Amino acid sequence: MLIRQFHPEKYPEKYREIREAYDVLKDPKSKENYDISLLHGKQLQELENVGREALENEDYVLAVRNFEQILEIDSKNSIIKNLLGETLIGQRRYKKALLLFFELFEDYPNNIGYICRLGFCNEKLGDLNKAEKLYIKAYEIEENDKESVKWLINLYWKKKKYYKAEKFLKEDIY
């Protein structure tokens, strides 16, 4: 009804606002996110700010508490899941971090950051072969991303597979 009332040629700005609102409301995921932010936006922002500051100051207990409170309200928030995972790594709670990064990996299978962090957790838990596969997967997704190269070379170095590291670097350079 509003689109008919506010024609795009006469009211381009109002039309754009209505169109954006419609797009949010027609997508169930977007609508859920909108509803959550409408109900809890200010509270979530405060918790996130405190959590980020605590993470920066390496106060991992406070950071975990804040990020977990956010996830109680907004369980699908991938940004907060990632921050919580990083915080858990800071606490050396690799099993719990691994579960979070696995969830994120399932939702975003081509996100190199999540794949590398998942690999790192596997590495810390002693599954070096799985970590290697994940680092290689991240590299294959984005060969220009030197972060995955760094992770993989460090792993080869730990495994004392110097020849493999050298071979990989030469291939990457060429």
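The values are calculated or read from the model by the stated rules, or taken from the named source; none is laboratory data. Since this is a predicted model, take the numbers as computed values, not measurements. So basically every Cβ, Gly included, is an ideal-geometry build from the backbone, and we count neighbours across all protein chains shown. Each accessible area value is taken on the protein alone, full model and side chains, heavy atoms only, with ligands, DNA and RNA left out. Shrake-Rupley method; radii C 1.70, N 1.55, O 1.52, S 1.80 Å.
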Failed condition for E53, given (1) over 30 Å from G126 (Cβ atoms); (2) among the charged types (D, E, K, R); (3) at pLDDT 90 or above; (4) open to solvent by less than 90 Å² (accessible area, probe 1.4 Å): (4)
Conditions (1) open to solvent by 50 Å² or more (accessible area, probe 1.4 Å); (2) under 25 Å from the mean Cα position of the chain (by Cα): number failed by L2: (2)
Unmet criterion (only one of (1) within 30 Å of K31 (Cβ to Cβ); (2) modelled with pLDDT of 95 or more; (3) buried (at least 19 other Cβ atoms within 10 Å of the Cβ)) for L98: (1)
